[in-house]
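What follows is a set of notes on a single structure, which appears directly below.
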Amino acid sequence: MIPELGHFALWLAVGVTLVLGVLPLVGAQRGRTDLMLLARPATSVLMGLVLLAFGCLIASFVRNDFSVLNVASNSNSALPLMYRIAASWGSHEGSLILWLLMQAGWAWAVANFSRNLPLPMLARTLAVMGLLTLSFLLFVLLSSNPFDRILPVPLDGQDLNPQLQDPGMIFHPPMLYMGYVGFSVAFAFAVAALIGGNLDAQWARWMRPWTTVAWAFLTFGIALGSWWAYYELGWGGWWFWDAVENASFMPWLVGTALIHSLAVSEKRGSFKSWTVLLAISAYSLSLLGTFLVRSGVITSVHSFASDPARGLFILVMLGITVGAALTLYAWRASSVGLGARFEMLSRETMLLTNNVLLVVATAAVMLGTLYPLILDALGLGKISVGAPYFDAVFVPIMAVLVFFMGIGPLSRWKRDEMPALSRRLRWAAGVTVISALLSAWVGGKLTIMSILGLLMAFWITASVAADLWERIKPIKGMAGMQAPWWQRLRQLPRAGVGMMLAHLGVALFCFGVTMVGTYDVEKDVAMGPGDSTTVSGYTFTYLGAKPANGPNYEALRGHLTVVRDGKPIAEMFPEKRIYRVQRNPMTEAAIYTRVRGDLYVQLGEVIEGETWLVRIWVKPFVSWIWFGCLVMGLGGILAITDRRYRAKAGATATEGAGAMSGVSAAR
Amino acid sequence: MKLLRALIPLALFAAVAVFLAMGLGLNPSEVPSPLIGKPAPAFALPQLVDGTVTGTSTSSNTTTNTSTSTSTSTGQPLSREDLLGKVWMLNVWASWCAPCREEHPLVVDIAQRKLVPVYGLNYKDAPAAATQWLRQLGNPYTGVLVDADGRVGIDFGVYGVPETFIIDRQGIVRFKHVGPLNAGVVRDKIEPLLRTLNAPG
């Protein structure tokens, strides 16, 4: 009964999205308030139905209902409860229900947290989101129904892929999808504004917090995925330029460009048509990622079981969604005004440079990801594009980007003077060069890449400090008339502090990447009980391995002690597991994390008897990579708590009226 | 002019979409082997008999052949030269490999229908585990070569287990399949090829 209820809820949701996707749109065009007012309640009903379907799917997993094909293929009665819940989004079908939940959830959030949005704008935005939801509903119902039953009912399920039986599976997909789908809000706002013709600063202000939240979630999601791959896959790396990773990275890059371009659109009314294009692109790239992961056109370590028929369905969806949005763009964007003028040396120019570099970086990632496919399609042979390409293309672009990232926040809108700008930055530049050279010298290994990476990290940090100083320093001739610096610090707008925090996150990230890239040490040793080996000053002693069985796996747990300078540092327990149902061996690395780096130990293969091939890494500052991402995302979250996004009705009423007149003018 | 510029994103997207559509019809995991049309790499490997490995192991890279016997009965090391003069299939497998389990019924079927003698290449596996696996699932192999260190696998360009090769009477590799066999491949590719290769003349 429960699966049928879920299935039925999805069909009802189709009906609701048809109403939501058509009537408010018609109402907005014809000025019919009654039709426009349908958008909000319809969104709530949609949310309720999708939530019900999602609940039914989870219930089927929790109750071990193996008559449901999806449960039988992805779960097992011995699977712990939390993984049975996570298994409901572990398959292609289930993950689409999660996607739908996010899609409906974002629409519901827009409906409920945008009370001061003019009605036509809200009606159009929600209608577009309704149509996006409709396309995914049809995809689920027509090609990937997670509620299908099987006969005869198997006694037990085939279990969740052991690699997915990890806390990462519980948090990574929801975070990532929050980000992916969150960009649909920006997409819907952009399309709604193109239809309504009200692309103005107020529009950018509405869109900004939504985009920033989606971006922050995507940042968390990607970072979690990277961390999970690091500790679970046992390759010791944190990013592999795999097609699926790239699929999540491309929307992130464009999303990053979008939040910067929105700043210009909001503050100066410029870049509007560019902002619209980025908003369309960010969500389009999310869809492209979905296509790449699920269609089987690209080989990847973590794609879903692929099916060309599903691939065709998503491609048609992609074609209609993106094609329609870009056609609308081509039709309407040519009439968008240019906005305020600016000089060559100005913050606008810096942000434009940021945008161009991020878009070029996205294009480079996309080219590398699709190049094997393109060559194959043209019959020019089979190749794969790996890390050497991406590193060679990506690092220089990022280096230039980081250079401008230091200057941008300190330059003035509209027009700046070179002498003044360089005066604001000269201390930062000096500190950067000295500290980068000093740390490379202390580290004891000077390479071009390590110095470049350290320069990037210190340049960001120093310029953020210079920016902060500019904002709170005492103004000459005003002594005694202004608040002391600590009060001024507290009065800084949260949007500005959020930006600084996010930029500092990039610095932490750069530092981590550089340190682990330069000073990472790896050693493979054959170790029997009692054997010791020393890596980077740490002495690892292998004590032996004991059986350690889990609920649905058998395991051998190795035991190592780590000593440095005679002091015990850590006890480490790497495992080798065989999951009972799927029988594939899994390696669980033991990781000891500290601020200044990780010790990473993994059991390889048995050489003979009790002697194992043990792989040991010492990875300095590696956790800074993910901590940096966390700080970036938190910066975004802090920025959206800024006062001006919670503008009171009085302030927005007049601006809203302006937007309304924009609507009528466009009509 | 302005309209043309506004159309650029749409044109770019259309181009990408065309390639994606073409990509749907392609199989990225189907990698043509450079070995096709070339002689199979030389090997001389011990064989698996009931959990023990018999026959002296020699590295595939050395040309020394410890066994001059042309007999292919179990218990003797087997080399490429021993198999010259007949068409045979090489199926790379291991007891730790889940997809091997999946394709195994098809391999058994091929052997039972006597389409072609199938030799197994037991890749980086423990002999006891391999024997246990064959007892449990059935042994379709005329002989099982033991490639414990995976050297012969490297010579054959194996990058994922299972893989399947067909080698003709002259010892030339004529076909390679990466990943588990499926009924379609057997029916549409392997069977027609075997008919041609086994044709008298």
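The values are calculated or read from the model by the stated rules, or taken from the named source; none is laboratory data. Values in this document were obtained by computation on a predicted structure and should not be read as measured data. So basically every Cβ, Gly included, is an ideal-geometry build from the backbone, and we count neighbours across all protein chains shown. Note: accessible area is taken over every heavy atom of the protein model, side chains too, but ligands, DNA and RNA are not part of it. Shrake-Rupley method; radii C 1.70, N 1.55, O 1.52, S 1.80 Å.
Please work out which one of (1) more than 11 Å from chain B (Cβ to nearest Cβ); (2) in contact (Cβ under 8 Å) with a residue 40 or more places away in the chain; (3) not basic (Lys, Arg) is the condition A:Val356 fails and give its number.
Checking A:Val356 against (1) more than 11 Å from chain B (Cβ to nearest Cβ); (2) in contact (Cβ under 8 Å) with a residue 40 or more places away in the chain; (3) not basic (Lys, Arg), the one that fails is (2).
As an exercise: evaluate A:Ile195 against (1) in contact with a Gly (Cβ under 6 Å, 6 or more places away or on another chain); (2) open to solvent by 20 Å² or more (accessible area, probe 1.4 Å) and give the number of the one condition it does not meet.
Failing condition for A:Ile195: (1).
Kindly provide the set of residues from segment A:16-73 that are open to solvent by 40 Å² or more (accessible area, probe 1.4 Å) and touching a Pro at 6+ places or on another chain (Cβ under 6 Å), ordered by number.
Passing the criteria: only A:Leu38.
Can you say whether A:Val244 is open to solvent by 10 Å² or more (accessible area, probe 1.4 Å), in a helix (DSSP H, G or I), within 14 Å of another protein chain (Cβ to nearest Cβ) and aliphatic (A, V, I, L, M), as far as the supplied structure shows?
yes
What's the number of the only condition in (1) of a type outside the set (Val, Ile, Thr); (2) farther than 26 Å from A:Val264 by Cα; (3) at pLDDT below 90 that A:Ala201 fails to meet?
Only one criterion is unmet by A:Ala201, namely (2).
Quick one: B:Ser29 ticks every box in (1) at pLDDT below 60; (2) away from every other protein chain (no Cβ under 14 Å); (3) open to solvent by 40 Å² or more (accessible area, probe 1.4 Å) bar one, so which box is it?
(2) is the only condition that B:Ser29 fails.
Okay, residues lined up against (1) farther than 21 Å from A:Ala186 by Cβ; (2) at pLDDT below 80; (3) open to solvent by 20 Å² or more (accessible area, probe 1.4 Å); (4) more than 9 Å from every other protein chain (Cβ to nearest Cβ):
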residue: A:Gly269; (1), (2), (3), (4): no, no, no, yes
residue: A:Ser273; (1), (2), (3), (4): no, no, yes, no
residue: A:Leu277; (1), (2), (3), (4): no, no, yes, no
residue: A:Ser284; (1), (2), (3), (4): no, no, no, no
residue: A:Thr299; (1), (2), (3), (4): yes, yes, yes, no
residue: A:His302; (1), (2), (3), (4): yes, yes, yes, yes
residue: A:Asp307; (1), (2), (3), (4): yes, yes, yes, yes
residue: A:Met317; (1), (2), (3), (4): no, no, no, yes
residue: A:Val322; (1), (2), (3), (4): no, no, no, no
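Output the residue which, of all residues in segment A:120-142 that are over 29 Å from A:Asp200 (Cβ atoms) and open to solvent by 40 Å² or more (accessible area, probe 1.4 Å), is farthest from the chain's Cα centre (by Cα).
Among them, the one singled out is A:Leu142.
For segment A:579-594, what are the residues that are over 18 Å from A:Gly157 (Cβ atoms) and either away from every other protein chain (no Cβ under 13 Å) or aromatic (Phe, Trp, Tyr) (or both)?
Across segment A:579-594, the qualifying residues are A:Glu588, A:Ala589, A:Ala590, A:Ile591, A:Tyr592, A:Thr593, A:Arg594.
Kindly provide the set of residues from segment B:116-133 that are at pLDDT below 90 and open to solvent by less than 60 Å² (accessible area, probe 1.4 Å), ordered by number.
Residues satisfying the conditions are B:Tyr123, B:Asp125, B:Ala126, B:Pro127, B:Ala129, B:Ala130, B:Thr131, B:Trp133.
Looking at segment B:92-118 only, could you name the residues that are within 18 Å of B:Asp147 (Cα to Cα) and free of Cβ contacts under 8 Å to residues at least 60 places away in the same chain?
Result: B:Ser95, B:Trp96, B:Val118.
Residue by residue through segment A:505-522, note down the ones that are over 17 Å from A:Lys445 (Cβ atoms) and open to solvent by 20 Å² or more (accessible area, probe 1.4 Å).
A:Val506, A:Leu508, A:Phe509
One line per residue, one yes/no per condition, for (1) of a type in the set (Val, Ile, Thr); (2) under 22 Å from B:Ala94 (Cβ atoms); (3) over 32 Å from the mean Cα position of the chain (by Cα); (4) at pLDDT 90 or above:
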| site | (1), (2), (3), (4) |
| --- | --- |
| A:His559 | no, no, yes, yes |
| A:Val562 | yes, no, yes, yes |
| A:Val595 | yes, no, no, yes |
| A:Asp598 | no, no, no, yes |
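Is it true that B:Asn139 is surrounded by 15 or more Cβ atoms within 10 Å (Cβ to Cβ) and without any contact (Cβ under 8 Å) to a residue 12 or more places away in the chain?
Yes: the conditions hold for B:Asn139.
Which condition number does A:Phe139 fail, the rest of (1) modelled with pLDDT of 95 or more; (2) farther than 19 Å from A:Leu23 by Cβ; (3) among the hydrophobic types (A, V, I, L, M, F, W, C) being met?
(1)
Looking only at residues in segment A:472-482 that are out of contact with any Leu (no Cβ under 6 Å at 6 or more places or on another chain) and within 25 Å of A:His503 (Cβ to Cβ), which one is modelled with the highest pLDDT?
A:Lys473
Please determine whether any residue of segment A:198-219 is among the hydrophobic types (A, V, I, L, M, F, W, C), without any contact (Cβ under 8 Å) to a residue 24 or more places away in the chain and away from chain B (no Cβ under 14 Å).
no
Return only the number of the condition from (1) under 23 Å from the mean Cα position of the chain (by Cα); (2) open to solvent by 10 Å² or more (accessible area, probe 1.4 Å); (3) closer than 18 Å to A:Gly90 by Cβ; (4) not β-branched (Val, Ile, Thr) that A:Pro154 does not satisfy.
(1)
When segment B:156-201 is examined, which residues are found to be polar (S, T, N, Q) and part of a loop (DSSP other than H, G, I, E, B)?
B:Gln170, B:Asn182
I need the full set of residues from segment A:325-345 which are part of a helix (DSSP H, G or I), open to solvent by 60 Å² or more (accessible area, probe 1.4 Å) and modelled with pLDDT of 80 or more, in order please.
Scanning segment A:325-345 gives A:Thr327, A:Trp331.
In segment A:126-180, what count of residues is obtained for those that are without any contact (Cβ under 8 Å) to a residue 60 or more places away in the chain and charged (D, E, K, R)?
Here the count works out to 0.
Hey, which of the strands (runs of 3 or more DSSP E) in segment A:530-639, taking only ones fully inside, have at least 1 residues that are out of contact with any Asp or Glu (no Cβ under 6 Å at 6 or more places or on another chain), of a type in the set (A, V, I, L, M) and open to solvent by 20 Å² or more (accessible area, probe 1.4 Å)?
Passing ranges, in order: A:538-547, A:553-564, A:567-572, A:597-608.
Could you list, in sequence order, the residues of segment A:207-241 that are among the small types (Gly, Ala, Ser) and part of a helix (DSSP H, G or I)?
Those that are among the small types (Gly, Ala, Ser) and part of a helix (DSSP H, G or I): A:Ala214, A:Ala216, A:Gly221, A:Ala223, A:Gly225, A:Ser226, A:Ala229.
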